[in-house]
Amino acid sequence: MRRLAIFSFSFGAAALCAALLPLDGALWLLGALALSAALLTGLPLGSKKARLAVRWGAMGLAAGFLWTAGYTALFWRPAQALDDRTVRLSGAVAEWPQEREYGWSVLVRMETEGPAVPTLLFADSQAAQLRPGDRVETVAHCTLADRSQTGEEITYYTAKGILLTAQGYGLLSWERPEAVPLRDRPALWSRELKDSIDRSFPGDAAPLVKALVTGNRDSLTDPFTTSLQRTGLTHTVAVSGMHLAFLAGLISLLLGASRRLTALVLIPVSALFCLVAGCTPSVVRAAIMIVLLQLAPLLRRERDDCTALGTALLLLLLWNPYSAAHIGLQLSFAAVAGILLCADKVQRGLLALLPKPGAGKGLLARAGRQVLYFTASTCGATVGASLLTTPLVALYFDAVPLISPLSNLLTLWAVGLLFGAGLCLGTLGLLLPRLAALGAVPAALLARYLDGVIQWLAGFPFSSVTMGPVYYRAWIVLVYLLALSGFLLPGKKRWTVPVCCGVSTLCLAILLSSWSFWRGPGSVTALDVGQGESILIRSGGFLTLVDCGGSGYENAGDTVAGYLGDFGVRRLDLLVVTHFHNDHANGAARLLERMEVGLLALPDVDRESPIRQELLSAAECAGTEVRFIRSDTALELDGERTVRLFAPLGAGETNEEGLSVLVSQGEFDTLITGDMGMDVERALLARMDLPRVEVLAVGHHGSRYSTGRELLEQIRPEIALISVGRHNGYGHPDPGTVERLLAAGAEVYRTDLHGTVTVRRSKA
């Protein structure tokens, strides 16, 4: 490995430690220690090659710690001086504003006495009219970006180079310069390209083309985004090295075989494309690598992929060492490193195994060879990229797409063609919009093909599995042990045993996970859906889901369907929606599309609610029976199992007009109160003689206005489940509510801390 590569990767390791660990006060010391270690390598210990490797590694660690400390002192300190202060914020807009659930956000380069501080400004609809380069001014309350509204430490914003968040108040004044600053023009070019694609392509194809060409996924629907995740194709709409490889291939095709001319054109075009795509870590990494690899032959230097990868990492971290915590950066570099390690080996192995087409010069023979090479190279790249990204995907997204090799094989050729067509036609649309629209008609067929194939593959059972069941986690560990054995074993067929063992143990993991789901007479599961609620209750073989809504990274309906799909479950017997708020119902319609539901129970309130209308339409399309609960209703499952639905008791607000649910399984009772407040709880207690319950799904996500002492004294729950989102802005759960639960003798489990939580009935 090259010295620069060793230095760069060591630098990255130091930056990652500094970003994730509480090392603020020790960075200078760690840097000094690493530097001392580098000096000690001058001692005559070990081989010269080993001493050099250790020396450059120690120097990289020292540089990483010291640079992070210097960056913190230079840029972080001005931000710290503004923490928890209300100031007059002024600065230049750096990116296009983004619409959020409660207003808009826009990135501003906030002016201070020192360097400008990248600040994410939250404002009302006034911010929608801003564009990059505008100067804004408003009164705002500033908070350090490494801390959520509830005080928890986060790395999401700092990894993106954002040091402050600011909540704007009052009037937002802004001024548009006559000439857009040079640094902000790529953002305008990107918007023009997106608008051109929107005008040129049909409405059903334009969102996917925009995502492929520019990385902008705002127009993609939540179900389609989830399908991309389940099939392992999210990387196709995250502009990265693959897209720049497509761009390089397109330029080579247009310019011919001249390597020098191709390099001279590709270098500036890659840099420009990087700017237009928003300079995300993955595309910056790819652009740097392409520039370095293209410069090597021009400068008569040796081409080295590993050194290029390390240099790209070093340059990115010099710009912002905290970006080492960026998920996209970690996945991008892990994917390329995996491809460099084993893609060629896998490709050669497959070419040796696959039947070879004829050696003739005819059209069929040439086509056969191209198909064979594409199949082997795609599988090699997919396996290589998955080698190091799978642990990260499992860690960050709690899922592994098993169907990824097949999905990449069926779609990458179309992705490459559609990317080239979208880029060319989008650019052409800026000059000749009618001609571009004409060319977009056949190109849109590729988008429709991709949409159909992706949705089809995502519907396969076990196309993706979550890491909740311990058997899948054990299988992941086993797969890596088998892969290691494959590298160590001799012989041409050394991969036969590891592959067979990997497939057979996967089948075993699926069987064991399904067995574990149905094991025992009953269970209650609080699914991690972000700030929302979805409670799954299994009563013997009867499945009830109470609510299906949340603010997770995917639609709550997809979360529920994916969770049940991991256990081979395709049908719900009963779906109860307590009330028509997003955090309890925004995924129910999607769930009706993906799973068979026997009965949908709804409160007969808020008849003009859009969610209610959406649910009724989805139920009609799915053929699901709908029952409005106007009075208390009991569903007898068998001799000892009963689902009781209590009609709304409150009035006025939607929260107070919701259903509550009591599931009785002999001596195992579960109570779910939705977003019921204390007044309605008292009304429920006055009306019903509630039994002591084993499990309580805590009302209103642990709000201070729910789960009163009167209710707790009556039901005396053994276990309390709080369904709540990480870093939510509501302060849920309220500390007083948690104290009341603990004082009542309940064990408290939270989805923001513990993820998906399952409570099993211990005996029949």
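The values are calculated or read from the model by the stated rules, or taken from the named source; none is laboratory data. This is a predicted model, so every value here is computed, not measured. We place every Cβ from the backbone using ideal geometry, glycine too, and count neighbours over all the protein chains shown.
Does Ala50 satisfy being over 32 Å from the mean Cα position of the chain (by Cα) and either buried (at least 20 other Cβ atoms within 10 Å of the Cβ) or acidic (Asp, Glu) (or both)? So Ala50 does not fit the description; no.
Out of all the residues in the stretch 186-194, is one or more under 25 Å from Ala127 (Cβ atoms) and touching an Asp or Glu at 6+ places or on another chain (Cβ under 9 Å)? Yes: the stretch 186-194 contains one or more residues that are under 25 Å from Ala127 (Cβ atoms) and touching an Asp or Glu at 6+ places or on another chain (Cβ under 9 Å). The conditions are (1) within 24 Å of Ala588 (Cα to Cα); (2) polar (S, T, N, Q); (3) surrounded by 14 or more Cβ atoms within 10 Å (Cβ to Cβ), and Thr707 fails exactly one of them. Which is it? All conditions are met except number (1).
Considering every residue within the stretch 478-488, establish whether at least one is in contact with a Cys (Cβ under 6 Å, 6 or more places away or on another chain) and more than 30 Å from Thr411 (Cα to Cα). Let's see the steps before the verdict.
Just the residues of the stretch 478-488 that are in contact with a Cys (Cβ under 6 Å, 6 or more places away or on another chain), to begin with: 482.
Filter once more, keeping what is more than 30 Å from Thr411 (Cα to Cα): none.
The answer is no, given that none of the residues of the stretch 478-488 is in contact with a Cys (Cβ under 6 Å, 6 or more places away or on another chain) and more than 30 Å from Thr411 (Cα to Cα).
Yes or no: Ala385 buried (at least 21 other Cβ atoms within 10 Å of the Cβ), farther than 23 Å from Phe333 by Cα and in contact with a helix residue (DSSP H, G or I) (Cβ under 7 Å, 6 or more places away or on another chain)? Answer is no for this residue.
Quick one: count up the residues across the stretch 735-764 that are touching a Ser or Thr at 6+ places or on another chain (Cβ under 6 Å) and within 16 Å of Thr707 (Cα to Cα). So that I can check it myself, show each step before the final result.
Residues of the stretch 735-764 touching a Ser or Thr at 6+ places or on another chain (Cβ under 6 Å): 737, 751, 758, 760.
This time we only want the ones that are within 16 Å of Thr707 (Cα to Cα), so: 737.
The number of residues fulfilling the criteria is 1.
You will find that of Arg366, Arg348, Arg300, the residue that is among the basic types (Lys, Arg), part of a helix (DSSP H, G or I) and at pLDDT below 70 is Arg366 and no other.
When Leu446, Leu412 are checked against the criterion of being at pLDDT 90 or above and either buried (at least 19 other Cβ atoms within 10 Å of the Cβ) or not in a helix (DSSP H, G or I) (or both), a single residue qualifies: Leu446. Taken as a whole, the structure leaves Thr155 outside the set of residues that are in contact (Cβ under 8 Å) with a residue 40 or more places away in the chain, under 26 Å from Leu331 (Cα atoms), under 27 Å from the mean Cα position of the chain (by Cα) and not in a loop (DSSP other than H, G, I, E, B). Mind listing whichever residues of the stretch 716-728 are surrounded by fewer than 23 Cβ atoms within 10 Å (Cβ to Cβ), in contact (Cβ under 8 Å) with a residue 40 or more places away in the chain and not small (Gly, Ala, Ser)? Ile719, Arg726, His727, Asn728 - these are the residues of the stretch 716-728 that are surrounded by fewer than 23 Cβ atoms within 10 Å (Cβ to Cβ), in contact (Cβ under 8 Å) with a residue 40 or more places away in the chain and not small (Gly, Ala, Ser). Counted as qualifying within the stretch 596-702 are the strands (runs of 3 or more DSSP E) with 3 or more residues that are surrounded by fewer than 18 Cβ atoms within 10 Å (Cβ to Cβ), namely 596-603, 625-629, 633-636. Cβ-Cβ distances below 6 Å connect the following pairs, each with a first residue in the stretch 262-273 that is more than 12 Å from Ser252 (Cβ to Cβ), a second residue that is of a type outside the set (A, V, I, L, M), and a separation of six or more residues or different chains: Ile267/Gln294.
State yes or no: is Val453 surrounded by fewer than 22 Cβ atoms within 10 Å (Cβ to Cβ), of a type in the set (A, V, I, L, M) and over 30 Å from Gln347 (Cβ atoms)? Steps first, answer last, please.
Values: surrounded by fewer than 22 Cβ atoms within 10 Å (Cβ to Cβ): yes; of a type in the set (A, V, I, L, M): yes; over 30 Å from Gln347 (Cβ atoms): no.
Criteria not met by Val453.
Among the residues of the stretch 520-546, which ones are under 23 Å from the mean Cα position of the chain (by Cα) and not in a loop (DSSP other than H, G, I, E, B)?
The answer is Thr525, Ala526, Glu533, Ser534, Ile535.
Answer with yes or no whether Ser219 is in contact with a helix residue (DSSP H, G or I) (Cβ under 9 Å, 6 or more places away or on another chain), in a loop (DSSP other than H, G, I, E, B) and under 25 Å from Pro281 (Cα atoms). Please lay out each step first, then the result.
Working: in contact with a helix residue (DSSP H, G or I) (Cβ under 9 Å, 6 or more places away or on another chain): yes; in a loop (DSSP other than H, G, I, E, B): yes; under 25 Å from Pro281 (Cα atoms): yes.
Yes: the conditions hold for Ser219.
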